[in-house]
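The values are calculated or read from the model by the stated rules, or taken from the named source; none is laboratory data. Not measured: the values here are computed from a predicted model. Cβ coordinates were reconstructed from backbone atoms using ideal geometry, including for glycine residues, and neighbour counts include every protein chain displayed.
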Amino acid sequence: MAISTNIGRWVTIILLLAGLPTIETWVTSLPIYAQVHALGGKGLGTIGTPNGKTILVEIADSPDKRMKGLMFRPSMAPDRGMLFQFPERGDHTFWMKNTLIPLDIFWLDESGTILHMETNVPICTRKDDSCPRVRADSKSIQVLELNAGMAKKLDLAVGKQLKIDLPPMSFPY
C-alpha cells in the first residue's frame, strides 16, 4: 500500500515538473458524471439543480444505509449530499440523532419535484432518543439531505424540480 502511494506521489511530481497536467487536474476538467467514475465513485449519483449546479450524492437505497444516513460524519463537502430512496411513497420521518452536520432536507416525488423542505435543521447532541424529528406534510419516495444553507444558495423551493441521475445498479433493488 505504501509503495503504490509513493509511486503515485512521484508520478504527480514528474508530471508537474514536466509541465503536464496531474490526474487530479485532468479529472476535474471532465464533466461531473465522468468525474464520479474516474475517481472510483461507484454508487454516487448526481442531482442537477434548476440554477445549473450539480451535486454528487451518495445513494441510501437499503434499510441499513437509510438508517445510518449521515450519522457521525463531522463534515460534508458543499457539492455533496445524500439521497434516500424508498421502495414506495410514504411518510418518511428523519431525526438528527448522532448527525453532526446541520442540514437542509428535501422530500421529493418520483420526478424529483420538491414536495416539502426543512432548512437549517440543527444537530442534536442529546444522548437519549429524544432528538426532534422532521417530516413532510405529504408522502414522498425520495429524501435529499444537503448541508444547511444550500437551499438558499441553490435557490431551491417547494415545487422546483431536480434532475436526478442514478448510477447503474442502484435503486430499485
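Can you pull out the residues in the range 84-98 that are in a loop (DSSP other than H, G, I, E, B), surrounded by 13 or more Cβ atoms within 10 Å (Cβ to Cβ) and modelled with pLDDT of 95 or more? Break it down stepwise before answering.
The first filter runs over the range 84-98 and keeps only residues in a loop (DSSP other than H, G, I, E, B), leaving 91-93, 96, 98.
Applying the additional criterion that residues be surrounded by 13 or more Cβ atoms within 10 Å (Cβ to Cβ) yields 92, 96, 98.
If the condition is that a residue be in a loop (DSSP other than H, G, I, E, B), surrounded by 13 or more Cβ atoms within 10 Å (Cβ to Cβ) and modelled with pLDDT of 95 or more, then His92 is the only one that fits.
Could you list, in sequence order, all residues of the range 59-97 that are farther than 20 Å from Lys139 by Cβ and among the β-branched types (Val, Ile, Thr)?
Ile59
Give the number of residues within the range 38-97 that are among the aromatic types (Phe, Trp, Tyr) and under 12 Å from the mean Cα position of the chain (by Cα). So that I can check it myself, show each step before the final result.
Initially, the range 38-97 is screened for residues among the aromatic types (Phe, Trp, Tyr), giving 72, 84, 86, 94-95.
Add one more test, that the residue is under 12 Å from the mean Cα position of the chain (by Cα), and what stays is 84.
Going through the range 38-97 one residue at a time, the tally reaches 1.
Here are some residues: Gly81, Gly8, Gly41. Which one is modelled with pLDDT of 95 or more and out of contact with any Gly (no Cβ under 6 Å at 6 or more places or on another chain)? Walk me through it before giving the result.
Working: Gly8 fails: modelled with pLDDT of 95 or more; Gly41 fails: modelled with pLDDT of 95 or more.
Every option except Gly81 fails the conditions.
Does the range 46-68 hold any residues that are under 22 Å from Lys152 (Cβ atoms) and of a type in the set (Gly, Ala, Ser), and which are they?
Answer for the range 46-68, where residues must be under 22 Å from Lys152 (Cβ atoms) and of a type in the set (Gly, Ala, Ser): Gly48, Gly52.
Here are Glu58, Glu118, Glu110: which of them is of a type in the set (D, E, K, R), at pLDDT 95 or above and part of a loop (DSSP other than H, G, I, E, B)? Step through it out loud before you land on a result.
Values: Glu58 fails: part of a loop (DSSP other than H, G, I, E, B); Glu118 fails: part of a loop (DSSP other than H, G, I, E, B).
On inspection, the qualifying residue turns out to be Glu110.
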